[in-house]
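Participant: A single structure is presented below for examination.
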Amino acid sequence: MADEIKSHLNERQWKAVSTTEGPLLVIAGPGSGKTRVIEYRVLHLIEKGVIPGQILLLTFTRKAAQEMLSRAAAHDERAGHVHGGTFHSFSYKLVGEFRKQLGFPGSLTVLDEGDAEEALQKLVVRLELGVGDTAFPKKRTLRAILSEATNKDKTIFEILEHSYEHLLPHAKAIARLEEAYAVYKREAGYLDFDDLLLLAVKLLRDKEVARVVGSRYRYVMVDEYQDTNRLQGEIAYLLAHAHANIMVVGDDAQSIYGFRGAFHENIMEFPKLFPGCVTVLLEENYRSTQRILNLGNAILETMPKKFKKTLVAARGEAGTTPHMAYFGDTEEEAHWIRSHIQFLEKKGMPLSRQAVLFRSSYISIPLQAELTKHGIPYEVFGGLKFYEMAHVKDVLAYLKILANPRDELSWSRVLLLIPGVGLKTADTIWNHVKRENGAASNLEWGNYPNGVRALVETLHLAAEESKPIQDRFDVLLSYYTPVLKQKFDDWPSRKNDLEVLREIAGYYNDLHSFLADCAIEPPERRQKRKEHALTLSTIHSAKGLEWDSVCLLGAIDGVLPSKMAFDSEEELEEEQRLLYVAVTRAKNDLALSFHLEGGRGGFSLHRLSRFLEEEEVFAALEHRDYSERRAREQAVWNDGTDGVYEEDEVEY
């Protein structure tokens, strides 16, 4: 059996599989076959005589554990008896088994996220927190703050100072809520997801519990170790520190979930926690061409904290050099990317094997409009489409009224944003507007809240068609900003979104064209994944996936890296890892795009991402300037496809 397993693995994969005793750190580069390593290591342990029930596999999703163990069980059915699951499911079983030691009488109830939010809201009312204060955070934000504090082992003040600076005036109240929430849960026998990890750590710190559990699981394996938070890292350590038979698999260069509490230092410090640790580097890549990997390697070289590795293509082919495409503005950029996608499709690469990746969803809006205009099917992954976000829909509703004063849905939306206006009042006002053929200026103002008159006056001021779209937008944004601050706890980031929307609107000469391009097919009509659709995805959602062709949209300083990371060395390092993850998703074709012109109001120049300005990274790219090729977009290609021009021949 060992020889058969070995025949399916390369030399380093086999070393990771066959090193079964003592601590083992497997640094698995992208596309290096880490899933196969875990699968065959389970088989090898069983073949050596290890009882399947003594093997514990911890993953981040149930699906991942089931996939790896079912693949192993296809070779040997005994692998189906290996204990596998997520950190949270393991912790729940552990807490249930030892609940008496924790002082919990009777059964325990786990709160899902919705239940946890409702519990917090009850306590806010009970404690009379934020009474009369419309700026007090909503229940979802409160839950996010408390969860982040738990997972990052930080105080409420530290979390607010770092991520919610505008909520610092409420720090004492939120800290009081945190204490009350802990008491409330204990008295009611409730546990939320964070409690499961906290209590598992508490139990495993107990010598007797650690002895029992440690003898039960003689071999521990952890997948995606770079994504563990502090508590999960401690659980892994406590499970295995006695016998030290632990293998963790991950890639420090792909640690990109710090916003979820992932602690990059877990994987970096593993050799220190387990002296004598064997480290295996999986550097042979079965996905990408060597020239794409050359770019990945150049990015790796510029990373400050890393396990040194060099990716080598198993395919043994150089491939085409990734190219850096430069454009004057977002319109040129969107046109070219759409054309590039159609060019590759014409050459035989289906849309389903192509992807456009980006740091943040908003940067893809001009491209979404361009794809929709040309009938190119696509699906968006990683958050709501930009125009579906509540604050964007709010502002678009104001603009839609300017374009069509008889738009009932938009009137209803904006009226319900006014304090004191409910469904009944909104219907009454709408009926008046309808009778007056879209006019609302002669309402009996004394019958309605003052905000109704302010809305009507704002719409009247913004309705002047002689004004540029951005000037009309500014009138509405000035009116909406106080609404935004009252409605959303995270209003600063949403305000940035609206500034982006303003910039996009500035590329249009008339309001109707702008709104028409924003009317993209909603995702609920695209939930059934289309077989022949292009993928648009955030980099975070693309991790672990691959496509024949990848275009990284928006290689701009302030986008990637995000400007929100400029003041944090730790966050900048994670942004650099995001770039690495993005470029290593591509198998055959890779393009990165940059547009020069942008900014709120007037004219400003963007800077190329600082990560791409590094000498070795810059040299690994072929640089192409398309900023003066817009005229070629109007050319008719051989088959008459509008706006598709012939590129340099590329072999696939």
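The values are calculated or read from the model by the stated rules, or taken from the named source; none is laboratory data. This structure is a prediction, so every number in the text was calculated from the model and none was measured. Cβ sites come from the backbone with ideal geometry, for glycine too, and all protein chains shown count toward neighbours. Keep in mind that these areas ignore ligands, DNA and RNA; they rest on the heavy atoms of the full protein, side chains included. Shrake-Rupley method; radii C 1.70, N 1.55, O 1.52, S 1.80 Å.
Participant: If the Cβ limit is 7 Å and pairs must be 6+ apart or interchain, which residue in segment 484-500 that is closer than 17 Å to Ile363 by Cα pairs with which residue that is open to solvent by 30 Å² or more (accessible area, probe 1.4 Å)?
Facilitator: Within 7 Å, the pairs are Asp497/Tyr362; Asp497/Met389; Glu499/Arg600; Val500/Tyr362.
Participant: Here's a follow-up. In segment 202-212, which residue that is open to solvent by 50 Å² or more (accessible area, probe 1.4 Å) and assigned to a helix (DSSP H, G or I) is nearest to Leu24 (Cα to Cα)?
Facilitator: Filtering segment 202-212 for residues that are open to solvent by 50 Å² or more (accessible area, probe 1.4 Å) and assigned to a helix (DSSP H, G or I), the one nearest to Leu24 (Cα to Cα) comes out as Arg211.
Participant: Filter segment 164-176 for residues that are touching a residue at least 12 places away in the same chain (Cβ under 8 Å), part of a helix (DSSP H, G or I) and in contact with a helix residue (DSSP H, G or I) (Cβ under 7 Å, 6 or more places away or on another chain) and give the result.
Facilitator: Of everything in segment 164-176, those that are touching a residue at least 12 places away in the same chain (Cβ under 8 Å), part of a helix (DSSP H, G or I) and in contact with a helix residue (DSSP H, G or I) (Cβ under 7 Å, 6 or more places away or on another chain) turn out to be His166, Leu167, Ala171, Ile174, Ala175.
Participant: What about Thr141, is it among the hydroxyl-bearing types (Ser, Thr, Tyr), part of a helix (DSSP H, G or I), in contact (Cβ under 8 Å) with a residue 40 or more places away in the chain and surrounded by fewer than 20 Cβ atoms within 10 Å (Cβ to Cβ)?
Facilitator: On the way: among the hydroxyl-bearing types (Ser, Thr, Tyr): yes; part of a helix (DSSP H, G or I): yes; in contact (Cβ under 8 Å) with a residue 40 or more places away in the chain: yes; surrounded by fewer than 20 Cβ atoms within 10 Å (Cβ to Cβ): yes.
Here the answer is yes, as Thr141 does meet what is asked.
Participant: Can you pull out the residues in segment 242-255 that are in contact with a Gly (Cβ under 8 Å, 6 or more places away or on another chain) and within 28 Å of Ala210 (Cβ to Cβ)?
Facilitator: Ala242, His243, Ala244, Asn245
Participant: Collect the residues in segment 302-358 that are over 30 Å from His264 (Cβ atoms), free of Cβ contacts under 8 Å to residues at least 60 places away in the same chain and touching a Ser or Thr at 6+ places or on another chain (Cβ under 8 Å), keeping them in residue-number order.
Facilitator: Passing the criteria: Arg315, Glu317, Ala318.
Participant: So, one more: Being modelled with pLDDT under 80 and in a strand (DSSP E or B), is that true of even one residue in segment 620-634?
Facilitator: So far as segment 620-634 goes, no, none of its residues is modelled with pLDDT under 80 and in a strand (DSSP E or B).
Participant: Follow-up question, since we're still on this one. Kindly indicate whether Arg78 is under 17 Å from Glu187 (Cα atoms), open to solvent by 50 Å² or more (accessible area, probe 1.4 Å) and touching a helix residue (DSSP H, G or I) at 6+ places or on another chain (Cβ under 9 Å).
Facilitator: Against the criterion (under 17 Å from Glu187 (Cα atoms), open to solvent by 50 Å² or more (accessible area, probe 1.4 Å) and touching a helix residue (DSSP H, G or I) at 6+ places or on another chain (Cβ under 9 Å)), Arg78 does not qualify.
Participant: Considering each of Phe327, Phe307 in turn, give the residue that is open to solvent by less than 10 Å² (accessible area, probe 1.4 Å) and aromatic (Phe, Trp, Tyr).
Facilitator: Exactly one of Phe327, Phe307 is open to solvent by less than 10 Å² (accessible area, probe 1.4 Å) and aromatic (Phe, Trp, Tyr), namely Phe327.
Participant: Can you pull out the residues in segment 34-71 that are aromatic (Phe, Trp, Tyr) and modelled with pLDDT of 85 or more?
Facilitator: Correct list: Tyr40 only.
Participant: Considering only segment 76-92, state which residues are under 35 Å from the mean Cα position of the chain (by Cα), part of a helix (DSSP H, G or I) and farther than 13 Å from Val209 by Cβ. Quick ask: steps written out before the conclusion?
Facilitator: Taking segment 76-92 as the starting set, the residues that turn out to be under 35 Å from the mean Cα position of the chain (by Cα) are 79-92.
Checking which are part of a helix (DSSP H, G or I) leaves us with 79-81, 87-92.
Scanning segment 76-92 gives Ala79, Gly80, His81, Phe87, His88, Ser89, Phe90, Tyr92.
Participant: Of all residues being out of contact with any strand residue (DSSP E or B) (no Cβ under 6 Å at 6 or more places or on another chain) and in a loop (DSSP other than H, G, I, E, B) in segment 549-595, which is farthest from Lys495 (Cα to Cα)? Just the residue, please.
Facilitator: So, considering only residues that are out of contact with any strand residue (DSSP E or B) (no Cβ under 6 Å at 6 or more places or on another chain) and in a loop (DSSP other than H, G, I, E, B), the one farthest from Lys495 (Cα to Cα) is Thr584.
Participant: A further question follows. Mind listing whichever residues of segment 47-68 are open to solvent by less than 10 Å² (accessible area, probe 1.4 Å) and either more than 23 Å from Gly250 (Cα to Cα) or touching a His at 6+ places or on another chain (Cβ under 6 Å) (or both)?
Facilitator: Leu56
Participant: Now for a different question. Here is a list: Glu148, Glu179, Glu161. Which entry is assigned to a helix (DSSP H, G or I) and either among the hydrophobic types (A, V, I, L, M, F, W, C) or buried (at least 18 other Cβ atoms within 10 Å of the Cβ) (or both)?
Facilitator: So the residue among Glu148, Glu179, Glu161 that is assigned to a helix (DSSP H, G or I) and either among the hydrophobic types (A, V, I, L, M, F, W, C) or buried (at least 18 other Cβ atoms within 10 Å of the Cβ) (or both) is Glu148.
Participant: Return the only residue of Gly601, Gly640 being part of a loop (DSSP other than H, G, I, E, B), modelled with pLDDT under 50, under 32 Å from the mean Cα position of the chain (by Cα) and not polar (S, T, N, Q).
Facilitator: Going through Gly601, Gly640 in turn, just one is part of a loop (DSSP other than H, G, I, E, B), modelled with pLDDT under 50, under 32 Å from the mean Cα position of the chain (by Cα) and not polar (S, T, N, Q): Gly601.
Participant: Among the listed residues Ser89, Ser32, which satisfies the condition of being among the small types (Gly, Ala, Ser), free of Cβ contacts under 8 Å to residues at least 60 places away in the same chain and either surrounded by 17 or more Cβ atoms within 10 Å (Cβ to Cβ) or within 24 Å of Gln232 (Cβ to Cβ) (or both)?
Facilitator: Of the residues listed, the single one that is among the small types (Gly, Ala, Ser), free of Cβ contacts under 8 Å to residues at least 60 places away in the same chain and either surrounded by 17 or more Cβ atoms within 10 Å (Cβ to Cβ) or within 24 Å of Gln232 (Cβ to Cβ) (or both) is Ser89.
Participant: For the subset of segment 486-498 comprising residues that are modelled with pLDDT under 85 and either among the acidic types (Asp, Glu) or part of a loop (DSSP other than H, G, I, E, B) (or both), which member is surrounded by the most Cβ atoms within 10 Å (Cβ to Cβ)?
Facilitator: Asp497
Participant: Here is a follow-up. Could you tell me whether segment 108-118 includes any residue that is closer than 26 Å to Gly214 by Cα and at pLDDT below 90?
Facilitator: yes
Participant: Would you mind stating whether Glu317 is open to solvent by 10 Å² or more (accessible area, probe 1.4 Å), more than 30 Å from Thr86 (Cβ to Cβ), in a helix (DSSP H, G or I) and touching a helix residue (DSSP H, G or I) at 6+ places or on another chain (Cβ under 8 Å)?
Facilitator: Spelling it out, it is not the case that Glu317 is open to solvent by 10 Å² or more (accessible area, probe 1.4 Å), more than 30 Å from Thr86 (Cβ to Cβ), in a helix (DSSP H, G or I) and touching a helix residue (DSSP H, G or I) at 6+ places or on another chain (Cβ under 8 Å).
Participant: Shifting gears a bit: Please work out which one of (1) open to solvent by 30 Å² or more (accessible area, probe 1.4 Å); (2) outside any strand (DSSP E or B) is the condition Ile299 fails and give its number.
Facilitator: Condition (1) is where Ile299 drops out.
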